[in-house]
There are 2 protein chains.
Amino acid sequence: MSKQIKNQEITSRDQDFAQWYTDVCKKAELMNYSSVKGFINYLPYGYAIWEEIQAYLNGRFKANGASNVYLPLVIPSSLFNKEKEHVEGFAPETLVATYGGGNQLNDPLIIRPTSEILFSDLYKNIVSSYRDLPKMYNQWCSVVRWEKTTRPFLRGSEFLWQEGHCLFETAEQAHENVIKFLEIYDDLGKDVLAIPFVKGRKTEHEKFAGAIATYSIEALMHDGKALQSGTSHDLGQGFAKAFGISYLGRKNVLENPYQTSWGVSTRLIGATIMVHGDDNGLVLPPRVAPIQVVIIPIRQQTPGVLEACHEIEQVIAKQGIRVKVDDDDNKSPGWKFAEYEMKGIPLRIEVGPRDLENGQAVLCKRYNGEKDLLPITEIEGNIAKVLDDIHTKMYQKALEHLNSHISDVEDHEGLKAVLEKGGYARMKFCGEEECELKIKELTNGGTARCIASENLPEGEVCPICGKPAKMVVYFAKAY
Amino acid sequence: MSKQIKNQEITSRDQDFAQWYTDVCKKAELMNYSSVKGFINYLPYGYAIWEEIQAYLNGRFKANGASNVYLPLVIPSSLFNKEKEHVEGFAPETLVATYGGGNQLNDPLIIRPTSEILFSDLYKNIVSSYRDLPKMYNQWCSVVRWEKTTRPFLRGSEFLWQEGHCLFETAEQAHENVIKFLEIYDDLGKDVLAIPFVKGRKTEHEKFAGAIATYSIEALMHDGKALQSGTSHDLGQGFAKAFGISYLGRKNVLENPYQTSWGVSTRLIGATIMVHGDDNGLVLPPRVAPIQVVIIPIRQQTPGVLEACHEIEQVIAKQGIRVKVDDDDNKSPGWKFAEYEMKGIPLRIEVGPRDLENGQAVLCKRYNGEKDLLPITEIEGNIAKVLDDIHTKMYQKALEHLNSHISDVEDHEGLKAVLEKGGYARMKFCGEEECELKIKELTNGGTARCIASENLPEGEVCPICGKPAKMVVYFAKAY
C-alpha cells in the first residue's frame, strides 16, 4: 500500500449533519450494515465502547443491589396481550415467529421488544412473601422493534441494551429506585461519556406504555436536536395486577408489589458521536475510548525512535491505560494522524529524532487539537492526569454547548424560533396531551422532552392554550 | 419464618440422577422454567457462574487476538439456504419469523441457530486484501434451536454461548487457530471449572454441518455419561466459496480465505453441576462460585461473635474474594449449613463463642465435608491458598473419576459392557459412518465422542466391521 494513499473523507457537519453522522459511524468502523434492513453489525471498535459502558454500569448496578439474569428471547402472544396499554404501545412494531421446528406454532412468539412481561411472569412464580422483596434484576440483551426508518445506534430494528426490572413493597421505595437509577445514568454521562443531560419526568403524552410515570435523561446533539438517552419507569401496580404478582405482606394479607424498570441502550454510542464529534471525525471521551493513547513514531528509521515509542507504550500500559504504537512503515505520520483523528483517539503522542534529542515528546489532544511538549521522563507521572483533564474539559465544553442552547420562551413564536434554530425551549405548560400535539404541529415536530419543574405558583398560564400552567417543560426537536 | 423450617430436599443421585440434576438446578436457584417450553430463566446465581466463565474467556480470547462484535439476531431465509450441508443440518430446528410490523415478510427471518452465515456475510464486505487477514471476531449471544426434549443448561430451545469466527490466509493457520482455542477451552476446564476433558477430532459422522473437521472437549459426568462441552471447527473454504468471501492475495490473485469457528455455551454450567455435585446439592469450584466463602455465626447473640464474623468478612473481601456473612437470626446454624451446602459454596467458616475463646475458626470444605481449625489471625494469610487447594483437589478428584472410567475394549461385547456401566470405551475403529450407526444400535445409543489417536500401525482391524482400523476412538453414551 502506498504512503500517498488518501484517508477517507467525511462530509462536514454544517453541510449535512445526518450524512456526517453516517460517515463517522462507517469510516471509524463502529458498525456496518447487515443484509437485513434495520439490523446492523456492531464492529469491534463500536462494540468495545459498549463494553466500557457495560463495565461501568455493572459496577454501579451491583453496588446498588441489582443482579444480572437472562430471560427468554420470546414472549407467547397469549401472554403479550395481558397488559392493555403496554400491548397497544408495542404491538405495531413487533417481529413475530410463527414456525418452530418446521411446524406452525399454536401460540405465535413475539421477539421481545422489551421484557416487562417476561419479568412479571417470572416474579409471579418466585415472589410469595414480603421477605422476597425487594427484587432487583437486570439483563443485558438485544431487543427487536420493527422500525420503518432506521439510523445506526439511534434507531434500529434490533439494538443492544440493559433493562432493569424491580419489585418493591411500597410506592415510595419504587419511586426512590426510579430516581436512583436515573441518577446512575446521569453519572454515566458526567463521569464516563462526558455528556451532560437535562433530566426529569416525561409528560403524560410521552411516557412509557403501561407506566404511571417515566423519567428520562436527554442529551443535546451538536445540531441542536435532543436525544433521549435513558429512561426509568415507575410502573405502579399495573403489571403486577395484570400478571397476578402478589405476596403475603407484613399484615398477613395478599398485596401487589410496586414495579419499576429502567434502561439504556447502544443509543448512548450515537449520543457520544453527535455530542463530541467534529469535521475530522469521532472524538471519544477517554473513559470509553477503546484505545486511549496512540503513539506515532516520526522518522522511525532513525535509531532510537521506535525503541523510545515502545518504552513509552510500556510505561503507559502498566498503568492500565489502553495504548498502542502504530509503527507501520507503509504509512506516513500524516496519514496516521488523520486516521487516528477519524477514530477519535483522545491523545496522540509523537516521538521523532528531534524530540529524542530534547528528551521530550509531543502530546496532541484530539478534542481541541492543542499540542504540548512534555519531557519523556514526566509521561509516567502525568499521563493519567492528562486523560482526566481531557475528560473534564470535554464535559465542560459539552455543558457550555448545552447551557447556551436552553432558552426560556413565553409564547408560541418564541417556542417556534428556538426549535427552528436548535436547542431547548423552556416553557410553562398545561400538561395536556392535546396541547402537546398542537405544539408538535406548530413547531414542525417539536416534542416535550421532560419536565424541568412542577412547582408553579397559582395563576400561571400555558401560552399555547391559555389553560392553567402546571409545569415548566423542556421542548425540543428530537432524534 | 420459624427456625425449625426444613430445608428443601433433593433426590439422591443413585436413586435418579436425572431428577437429582433437575432438583439441584431448581433448588439452588440456578434457573427456573419460563412460560415458553424449552426456554429457561437464568436466575442470578446461575447467571453469575456464566459471568465468571465469560470474564475468564474474554481475557484469554483478547490476549489471543480476538475482538468482540455483535451481529444480527436474524438470518434471511434466502441467505440461509446458500451453504447446503449447513442448511440441511440446521433447517429442521429453526424458529422462523414471518411477520414484522404487522406485515408478512417476503423473505422470512430465521432466528440464528449459529452465525457462520452472518459472519460470512459480514466478512464478504470487509475483507478485500491479505492485509485484512487474519480476522478473529467473537460474539456473546443467545441462539435458538427448536428442540423437542430439553433439559436445563444441557439442551434448550434457547441457550447462551459465545461463537468465535475467524478467517485466515492458509489452511495451516486455520488449523492452528482451531487447536489453540480448543486448548483455551481445555484450560478453562483445568484452571476454572476443575473439569478434566478428553479432547480430539470428531468422526465424520459427528462433525459439524459444513465443517471439514470438528474438534471437541468432552467431560464425563458422575453417572458415566459424556457431555460435549465445547467445539472448534475447521470450516475450510466452503463457506467462503458459498458466500463469496475473497481477497487479493500476496501473489495478486483473488483467493478464498480459510475459516474457523469455535464455541462454548451455558452447557458448561450443566457440566459443572454433574461433575462435582453430590447428594447434598451443588458443589462449586471456587473460581466460578458467585460466593466463595460463607461465614456462619454460632450463638450469634453472644457478645463478640457477630463482630468477629464481620471482621473476618472484611479481611477476606479485601483480597477480592467473594464472601458473605449470614447473620439472619431467624434461621438456625444447622439450617444455614444445609442451605449453603445445597448452593455449593466452596468454603464455610463457622465462628462461635468457644472458637472466639480459643482465637480460632472452623473451616469446612464443601467438596469433601472436612473440617479444620484455623487461628483467626491466620485466615488473612491462608484463605486464598485454601481456595486454591480446594480447586486443585476438586480437579484431581474429577480426573481420578475420569481416568477410572476409561477402558480399552477389543470387541463389541466389551464395548457394550463399558457403555452399559458408564464411562468411555476406547476402541480401534474404521471411521465409517455406517459402522458408527451400527454401534449406536448395538450399544443402545453409544456414540463416538472424539478420536483418541490417528496413528495406527498397518493391519489393525475395526472389531465391529472387520475393515481396516484407522483410528482409536472414545465411545460413550452422551447427553
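The values are calculated or read from the model by the stated rules, or taken from the named source; none is laboratory data. Predicted model, so just to flag it, every value in this text is computed and none were measured. Heads up, the Cβs are rebuilt from the backbone with ideal geometry, glycines too, and the neighbour counts pull from every protein chain shown.
Just a few scattered comments:
- For region B:153-163, taking the residues that are in contact with a Cys (Cβ under 9 Å, 6 or more places away or on another chain) and more than 9 Å from chain A (Cβ to nearest Cβ), the one that is farthest from A:Gly46 (Cα to Cα) is identified as B:Phe153.
- Screening region B:124-152 for residues that are at the interface with another protein chain (Cβ under 8 Å from one of its Cβ atoms) and among the aromatic types (Phe, Trp, Tyr) and picking the one that is nearest to B:Thr266 (Cα to Cα) gives B:Trp146.
- A:Val362 vs. criteria touching a His at 6+ places or on another chain (Cβ under 8 Å) and outside the structural domain of A:Lys26 (by TED's automatic domain parsing): no
- Put simply, of A:Leu387, A:Leu402 the only residue that is under 21 Å from the mean Cα position of the chain (by Cα) and not hydroxyl-bearing (Ser, Thr, Tyr) is A:Leu402.
- Selection status of A:Asp234, acidic (Asp, Glu), closer than 30 Å to A:Asn41 by Cα, within 33 Å of the chain's Cα centre (by Cα) and not assigned by TED's automatic domain parsing to the domain that holds A:Ile376: no
- Qualifying positions in region B:192-232 - in a strand (DSSP E or B) and of a type in the set (Ser, Thr, Tyr): B:Thr214, B:Tyr215, B:Ser216, B:Ser229, B:Thr231, B:Ser232
Matching residues to (1) of a type in the set (A, V, I, L, M); (2) under 27 Å from A:Gly38 (Cα atoms):
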{"residue": "A:Lys82", "(1), (2)": "no, no"}
{"residue": "A:Glu85", "(1), (2)": "no, yes"}
{"residue": "A:Glu88", "(1), (2)": "no, yes"}
{"residue": "A:Val96", "(1), (2)": "yes, yes"}
{"residue": "A:Leu109", "(1), (2)": "yes, yes"}
{"residue": "A:Leu118", "(1), (2)": "yes, yes"}
{"residue": "A:Asp121", "(1), (2)": "no, no"}
{"residue": "A:Ile126", "(1), (2)": "yes, no"}
{"residue": "A:Pro152", "(1), (2)": "no, yes"}
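- Taken as a whole, region B:39-47 holds no residue that is out of contact with any strand residue (DSSP E or B) (no Cβ under 9 Å at 6 or more places or on another chain) and within 21 Å of A:Leu73 (Cα to Cα).
- Residue count, region A:356-410 (criterion: in contact with a strand residue (DSSP E or B) (Cβ under 9 Å, 6 or more places away or on another chain) and within 30 Å of A:Met471 (Cβ to Cβ)): 9
- When residues of region A:405-443 are limited to those that are part of a loop (DSSP other than H, G, I, E, B) and within 22 Å of the chain's Cα centre (by Cα), the one surrounded by the most Cβ atoms within 10 Å (Cβ to Cβ): A:Gly423
- Some residue of region A:111-122 being more than 10 Å from chain B (Cβ to nearest Cβ), crowded, with 18+ Cβ neighbours inside 10 Å, among the charged types (D, E, K, R) and within 18 Å of the chain's Cα centre (by Cα): no
- The requirement of being more than 7 Å from every other protein chain (Cβ to nearest Cβ), surrounded by fewer than 17 Cβ atoms within 10 Å (Cβ to Cβ) and of a type in the set (D, E, K, R) is not satisfied by B:Glu93.
- Test result for A:Asn68, within 24 Å of B:Leu30 (Cβ to Cβ), away from chain B (no Cβ under 13 Å) and over 19 Å from the mean Cα position of the chain (by Cα): no
- Among residues of region A:345-369 that are at positive phi, none has a Cβ under 8 angstrom from a residue that is in a loop (DSSP other than H, G, I, E, B) at a sequence gap of 6+ or on a separate chain.
- Flag if A:Ala48 is within 15 Å of the chain's Cα centre (by Cα), aliphatic (A, V, I, L, M) and either in the same structural domain as A:Ala271 (by TED's automatic domain parsing) or at pLDDT below 95 (or both): yes
- From the options A:Gln54, A:Gln104, residue that is on the phi < 0 side of the Ramachandran plot, more than 7 Å from every other protein chain (Cβ to nearest Cβ), polar (S, T, N, Q) and touching a residue at least 40 places away in the same chain (Cβ under 8 Å): A:Gln54
- Total residues in region B:78-89, condition out of contact with any helix residue (DSSP H, G or I) (no Cβ under 8 Å at 6 or more places or on another chain) and within 11 Å of chain A (Cβ to nearest Cβ): 1
- Top-ranked residue in region A:416-451 [being free of Cβ contacts under 8 Å to residues at least 60 places away in the same chain and of a type in the set (Val, Ile, Thr); ranked as farthest from A:Pro468 (Cα to Cα)]: A:Val418
- For B:Ser35: the one exception among (1) out of contact with any Asp or Glu (no Cβ under 6 Å at 6 or more places or on another chain); (2) free of Cβ contacts under 8 Å to residues at least 12 places away in the same chain; (3) within 7 Å of chain A (Cβ to nearest Cβ): (1)
- For the condition crowded, with 19+ Cβ neighbours inside 10 Å, in contact with a helix residue (DSSP H, G or I) (Cβ under 6 Å, 6 or more places away or on another chain) and not charged (D, E, K, R), B:Ile383 qualifies.
- Filtered by the rule that a residue be over 18 Å from B:Tyr367 (Cα atoms) and touching a residue at least 24 places away in the same chain (Cβ under 8 Å), region B:322-342 gives B:Lys324, B:Val325, B:Asp326, B:Asp327, B:Asp329, B:Asn330, B:Lys331, B:Ser332, B:Pro333, B:Trp335.
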